[in-house]
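Reading through the structure tokens given below for one structure.
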Amino acid sequence: SNDAENTAAHHRNTLQFNTYSHRKQLFSVCVTLSEATEEVSLDSPERQPILSDGPSPVITPVTPVMISSRADVFDRSPDQDEDEEENRDTFDIQISVSDPEKVGDGMNAYMVYKVLTKTSLSIFSRDEVCVKRRFSDFLGLHSKLASKYMHMGYIVPPAPEKSIVGMTKVKVGKEDLSSVEFVEKRRSALERYLLRTVKHPALLKDPDVLQFLESSELPRAVSTQALSGAGILRMVNKAADAVNKMTIKMNESDAWFEEKQQQFENLDVQLRKLHASVESLVCHRKELSVNTASFAKSAAMLGNSEDHTALSRALSQLAEVEEKIDQLHQDQACADFYLISELLGDYVRLITAVKGVFDQRMKTWAKCQDAQVMLQRKREAEAKLQHANKPDKLQQAKDEIREWEGKVQQGERDFEQISKNIRREVGRFEKDRVKDFRVVIIKYLESLVHTQQQMIKYWEAFLPEAKAIA
Amino acid sequence: MQEGLDDGPDFLSEEDRGPRAVNVDLQTDATLQVDISDALSERDKVKFTVHTKSTLPNFKQNEFSVVRQHEEFIWLHDSFVENEEYAGYIIPPAPPKPDFDASREKLQKLGEGEGSMTKEEFTKMKQELEAEYLAIFKKTVAMHEVFLCRVAAHPVLRKDLNFHVFLEYNQDLSVRGKNKKEKLEDFFKNVVKSADGVLVAGVKDVDDFFEHEKTFLLEYHNRVKDASAKSDRMISKNAFCVWPSVNGVKSLTCFLFCSLINRFFLKVSELFEKTRKIEARVAADEDLKLADLLKYYLRESQAAKDLLYRRGRALADYENANKALDKARAKNKDVLQAETTQQVCCQKFEKISESAKQELIDFKTRRVAAFRKNLVELAELELKHAKGNLQLLQSCLGVLKGDT
């Protein structure tokens, strides 16, 4: 019935959480991300000539940015809401990552995933596109997006983490459960990554994203070691640290930013704690499953040696019940993991991206300050030259002043723009976050309900057997 | 649905008054009723108040109480084991030593970590640990009580003088624990016994009943041991499989409080608190009905094995005495002495055999009844808790889904 619900809601984005179960798929979870989109056409990102690897496609025209006073730079203006309503109907895209295939042998082997995009949006050339991508392709996409957009204050969804250990097992060809689980975990993470990326109105239109989703051949992303998601963020954070260590302390005149930064700091801490707890819960439940299976065997043996017939039969039944419960535990562990733990992990990384964006703003401010300092110096130099009789130098000085005045203006505009972008991004992020968790928690509770219903079934079947012991 | 959620396992609940049938099924006998009416846990010992009601003429009063400690129970048990007269009976297994170390350690750690957590967290954890302590305490009381009741229910053992002293003498019995030398002696005795036991077990018994019992008990005992260990592991692991504790719940709440809709997540965190309590009850009940049952029958089956061993020993002695008699007759030397020895051995063996047969039959009856009772109760409790959980989850889901 859940599937019926979701197919009916064709205006929604769907994210498939397919929990790994090597027996059968018990859970097919649809996570609905935010239904509403932000304005798609207003405030297109100001494009600075930024370099992305590979063939650079069409650059969209730069729309002039409106410098508005602080008061207007709040999240929702009536115009924006209206546009949102319009765009809701046109935002329709489904992405799935599936069919992992191993290519090659030994240490050069890699996994290739099928990326299927179904959409009615006009920016795509077809309704349905299917391409093959490998992990480094995803990392490459993220590095391009991060380098293009992070400095403007956009929260670019982080790519999944690299894992040397996990991949080595797969490369070496171990067909055991843990490498199968690893591939499934990664597949699921890649899918969530792409969905989050296209959910972002600006990123959806980005040519690199479109190329990634549509083009059958993609130039190999180079130096992804350096530019993995975590790597990018580390670079960003290092820059931020450098900024903080500078003697220039940003005067935060905007209380909103101060408050939000503190909030995200707290969230980061809490989220990591919770994530760690849930990860350990998953471990415990898996161990419980093992212990239950072991007990079931032991109870069966005990039943065999019991010489009272009815009791012997009851003990064997008990063993069967415990075996079924073991399976329940395994399935529940999967749900714990794929529903909650992975989502929490995603948000830990997302919060890091958010914090990175705040740091970018600080960096922008610092740059602005630097420009002002330079301008001041140039003015002082010019003033001095006024009294010296060096017309060439004077002209040069005047030129330089004009240059730096321009830079200061640009710096201020940049700062305004990034502040505005961040406000909007954070608003969108917080809305999405609530919806994300809400939907996942409901799914999780439903999984818990299912488990209890099964438990009741098993014990109800056992009770008459126990009573039959005479 | 949630009544009694905060209590520990109801070991001493109303339904268990009267014939104390916690793990075993016993015959009531109005002429002698024993129970542990109170218990006090001090620093490193537990003091049990043993309460007796009796119409037997042996006692000075009809109703009286004394205070006993664990060592005195062990003394009583050992006195039965060492008494040759009781060789033909299954001696009720001694209660295990009260062990609060783990629980105490946890409480101590909590005390040390008090500074690092909020008052609310501290109170919650303290409550949980205290409930755990209380559960262990109730269990050890029940174990000691079961031992006494088994003795009181046994037609022969209940008349034992030491038992009466134990029940009535209101001074300290001055029973010291075994010293090193005695413990070493015990150790060697057990080694000899096991070696002997193997030899005795190897001899095929003429009597089909005992032959069957021997084979059965050997295998059964091992399997119960295995099942007991595995059930312990499973149940203790179950205790960890709860949604993250106070800290974790608070984190989730904090995280999501910062967002726009608090009500939703507040309900969720309330839900997890409640289901956590239910999970704790499930673990406690499983422990009680399953793990303790298996542990008890591990000890009882050992006691039954010991009985068989003693009988086997008596049989071996009897057979040796026969051989000695034949030899004596052949040599015509010390015949009378040999005849006497042979007769004594014969009587001893037959006495043991007769009572052993009945004991083993009773053992089976008790065992089947105890398993039935506990398995039924286990299933009923699992159902009760699963239904409780389900109701909580469903009602919460109903509210949350409607709360768009």
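The values are calculated or read from the model by the stated rules, or taken from the named source; none is laboratory data. Please read all numbers here as calculations on a predicted model, not as lab measurements. Positions of Cβ are backbone-derived with ideal geometry, glycine not excepted, and every protein chain shown enters the neighbour counts. With ligands, DNA and RNA removed, areas are computed over all heavy atoms of the protein, side chains included. Shrake-Rupley method; radii C 1.70, N 1.55, O 1.52, S 1.80 Å.
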**Message:** Would you confirm whether or not segment A:287-295 contains a residue that is of a type in the set (F, W, Y) and more than 9 Å from chain B (Cβ to nearest Cβ)?
**Reply:** no
**Request:** Mind listing just one residue for me: the one in segment A:140-172 that is farther than 25 Å from A:R423 by Cα and of a type in the set (S, T, Y) and, of those, surrounded by the fewest Cβ atoms within 10 Å (Cβ to Cβ)?
**Result:** A:T168
**Request:** Check B:A142, B:A135 and return the single one that is out of contact with any helix residue (DSSP H, G or I) (no Cβ under 7 Å at 6 or more places or on another chain) and aliphatic (A, V, I, L, M).
**Result:** B:A142
**Single residue of segment A:411-441 satisfying the filter (buried (at least 21 other Cβ atoms within 10 Å of the Cβ) and among the aliphatic types (A, V, I, L, M)) that is farthest from the other protein chains (Cβ to nearest Cβ)** = A:I418
**Message:** With the structure loaded, tell me whether B:C241 is over 27 Å from A:N291 (Cβ atoms) and modelled with pLDDT under 85 or whether it fails that test.
**Reply:** no
**Item:** Number of the condition not met by A:K260 [criteria: (1) among the basic types (K, R); (2) open to solvent by 30 Å² or more (accessible area, probe 1.4 Å); (3) at pLDDT 85 or above]
**Value:** (2)
**Asked** For residues in segment B:351-365 being in contact with a helix residue (DSSP H, G or I) (Cβ under 8 Å, 6 or more places away or on another chain) and open to solvent by less than 50 Å² (accessible area, probe 1.4 Å), which is farthest from the other protein chains (Cβ to nearest Cβ)?
**Response** B:I352
**Message:** Out of B:F265, B:F257, I need the residue that is open to solvent by less than 10 Å² (accessible area, probe 1.4 Å) and modelled with pLDDT under 90. Which one?
**Reply:** B:F265
**Message:** Contact list please: Cβ distance under 9 Å, first residue in segment B:258-276 and within 10 Å of chain A (Cβ to nearest Cβ) and closer than 21 Å to A:E259 by Cβ, second residue open to solvent by 60 Å² or more (accessible area, probe 1.4 Å) and at pLDDT 75 or above, pairs at least six apart or on different chains.
**Reply:** B:C258/A:N266; B:S259/A:K431; B:L260/A:K431
**Request:** Determine which member of the set A:V278, A:V290 is among the β-branched types (V, I, T) and open to solvent by less than 10 Å² (accessible area, probe 1.4 Å).
**Result:** A:V278
**Fill in**
Those residues of segment A:91-120 which are touching a helix residue (DSSP H, G or I) at 6+ places or on another chain (Cβ under 8 Å), surrounded by fewer than 16 Cβ atoms within 10 Å (Cβ to Cβ) and aliphatic (A, V, I, L, M) amount to A:M107, A:A109
**Message:** Just to verify a result, which residue in segment A:326-337, among those that are open to solvent by less than 10 Å² (accessible area, probe 1.4 Å) and farther than 16 Å from A:L274 by Cβ, is farthest from the other protein chains (Cβ to nearest Cβ)?
**Reply:** A:A335
**Asked** Regarding A:S136, is this residue of a type in the set (G, A, S) and either at pLDDT 85 or above or touching a strand residue (DSSP E or B) at 6+ places or on another chain (Cβ under 9 Å) (or both)?
**Response** yes
**Meets criteria (of a type in the set (D, E), within 25 Å of B:F240 (Cα to Cα) and in a helix (DSSP H, G or I)) for B:E300** = no
**Request:** Output yes when any residue across segment A:173-191 is open to solvent by 20 Å² or more (accessible area, probe 1.4 Å), among the hydroxyl-bearing types (S, T, Y) and more than 30 Å from A:Q410 (Cα to Cα), and no when none is.
**Result:** yes
**Item:** Subset of segment B:44-76 [hydroxyl-bearing (S, T, Y) and closer than 15 Å to B:V165 by Cα]
**Value:** B:T49, B:T52, B:S54, B:S65
**Request:** Those residues that are open to solvent by 60 Å² or more (accessible area, probe 1.4 Å) and either of a type outside the set (K, R) or touching a strand residue (DSSP E or B) at 6+ places or on another chain (Cβ under 6 Å) (or both), I need them from segment B:48-64; list them, please.
**Result:** B:K53, B:T55, B:P57, B:N58, B:Q61, B:N62, B:E63
**Message:** So for segment A:379-395 (the condition being buried (at least 19 other Cβ atoms within 10 Å of the Cβ), out of contact with any helix residue (DSSP H, G or I) (no Cβ under 7 Å at 6 or more places or on another chain) and part of a helix (DSSP H, G or I)), does at least one residue qualify?
**Reply:** no
**Request:** Name the residue, out of A:F124, A:F74, that is at negative phi and at pLDDT 50 or above.
**Result:** A:F124
**Complete:** Within segment A:396-410, the count of residues that are aliphatic (A, V, I, L, M) and either open to solvent by 90 Å² or more (accessible area, probe 1.4 Å) or farther than 24 Å from A:M152 by Cα (or both) comes to 2
**Fill in**
Scanning segment A:447-470 residue by residue, the ones that are more than 7 Å from chain B (Cβ to nearest Cβ), open to solvent by 30 Å² or more (accessible area, probe 1.4 Å) and either under 19 Å from A:I325 (Cβ atoms) or in a helix (DSSP H, G or I) (or both) total 7
**Prompt:** open to solvent by 80 Å² or more (accessible area, probe 1.4 Å) and among the charged types (D, E, K, R), is that true of B:E112?
**Reply:** yes
**Request:** Could you look through segment A:307-323, keep only residues that are farther than 25 Å from B:N238 by Cβ, more than 7 Å from every other protein chain (Cβ to nearest Cβ) and of a type outside the set (K, R), and pick out the one that is most open to solvent (accessible area, probe 1.4 Å)?
**Result:** A:T309
**Prompt:** Given the conditions (1) more than 7 Å from every other protein chain (Cβ to nearest Cβ); (2) modelled with pLDDT of 80 or more; (3) open to solvent by 60 Å² or more (accessible area, probe 1.4 Å), and given that B:R233 satisfies all but one, which numbered condition is not satisfied?
**Reply:** (1)
**Prompt:** Only one residue in A:R349, A:R361, A:R413 is in a helix (DSSP H, G or I), farther than 30 Å from B:L293 by Cβ, among the basic types (K, R) and touching a Ser or Thr at 6+ places or on another chain (Cβ under 7 Å). Which one?
**Reply:** A:R361
